[in-house]
Amino acid sequence: MEIVKVDSYEEVSQKAAESVAGLLHRKQDAVIGLATGSTPEGMYARLVRMYRENEIDFSSVSTFNLDEYLGLSRDHPQSYHTYMHRHFFDHVNVDPERINIPRCGDEPPELVCRDYEKKLKDAGGLDLQILGIGTNGHVGFNEPAAYLYTDTHVVDLAEETIEANSRFFKSREEVPGKAVTMGVGSIMGAARIVLLASGRSKAKAIRDMCSGKITTFVPASLLQLHKDVTIIADREAARLLP
Ligand code: F6R
């Protein structure tokens, strides 16, 4: 694993945007796995700027989002569908037909998961997966547990995740308890993984994921088995690393 320590959130965002742009310069029709949450917001803002300045073109890109809440409509202000359109898709030229976010409407979730996994395989797998990390070491919504799922699946969100994400909702009770997430196998199948971390609250998770030990109770620790992972962490997030 390569660990890139930078001074600030702005630098995390800039380096992350550069890794996406670098891929697109090599491969216009790249397949990119995307994350939501606070951490990648700065990266999306920079990618939008690069697009407006004609530095990158998303017209042939395919995207797969990591996860979506179950029980929120697509147009709910806090759905990841809404998030992605607000921060990214509405401002760049990604072909809507090539945008993939788990559909969490009325369809049976098992069907949604199976279909998502198939689409991912049909697309030829991910060239790049962008990840954030939960304070509990989750990636996507693969929460710490005795076992993890390889493929896209329905998950019960951990209490820490509900607590952490309640900042986006009016109350904790409004945070959905379940989500659909890509599994660790779907994530590990990406040719390259770039994980972004910013702030003190991520320091322990970053230390644990780089510890040289692998445990399903720190799902991000599995990434140590991947041959091309870059962690971009700011000073606060990296502060417990040797
Ligand atoms: C989001 C996702 C999550 C977040 C993680 C960190 O699609 O899959 O794993 O990356 O919860 O969230 P933030 O960036 O809000 O701290």
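Data table
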| quantity | calculated |
| --- | --- |
| Asn65 being closer than 22 Å to His138 by Cβ, at pLDDT 95 or above and in contact with a Phe, Trp or Tyr (Cβ under 7 Å, 6 or more places away or on another chain) | yes |
| Residue match in the range 92-108 (condition: out of contact with any Phe, Trp or Tyr (no Cβ under 8 Å at 6 or more places or on another chain), part of a helix (DSSP H, G or I) and modelled with pLDDT of 95 or more) | yes |
| Test for Gly140: is it in contact with a helix residue (DSSP H, G or I) (Cβ under 9 Å, 6 or more places away or on another chain) and within 12 Å of the ligand (Cβ to nearest atom) | yes |
| Those residues of the range 148-202 which are in a loop (DSSP other than H, G, I, E, B), within 11 Å of the ligand (Cβ to nearest atom) and under 15 Å from the mean Cα position of the chain (by Cα), in sequence order | Met182, Ser198 |
| Residues being within 16 Å of the ligand (Cβ to nearest atom) and in contact with a Gly (Cβ under 7 Å, 6 or more places away or on another chain) - total across the range 15-38 | 2 |
| Qualifying residues in the range 203-221 (those that are hydrophobic (A, V, I, L, M, F, W, C) and crowded, with 19+ Cβ neighbours inside 10 Å) - the one nearest to the chain's Cα centre (by Cα) | Ala220 |
| Unmet requirement for Thr135, which otherwise passes all of (1) closer than 20 Å to Gly189 by Cβ; (2) of a type in the set (S, T, N, Q); (3) within 14 Å of the ligand (Cβ to nearest atom) | (1) |
| Residue check for Thr135: assigned to a loop (DSSP other than H, G, I, E, B) and among the β-branched types (Val, Ile, Thr) | yes |
| Enumerated strands (runs of 3 or more DSSP E) restricted to the range 1-83, each holding at least 1 residues that are crowded, with 17+ Cβ neighbours inside 10 Å and among the charged types (D, E, K, R) | 67-69 |
| Selected residue (criterion: nearest to Gln78 (Cα to Cα)) from residues of the range 175-192 that are surrounded by fewer than 23 Cβ atoms within 10 Å (Cβ to Cβ) and β-branched (Val, Ile, Thr) | Val175 |
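The values are calculated or read from the model by the stated rules, or taken from the named source; none is laboratory data. Note that the structure is predicted; figures quoted are calculated from it, not measured. Neighbour counts are summed over all protein chains in view; Cβ atoms, including those assigned to glycine, are modelled from backbone coordinates with ideal geometry.
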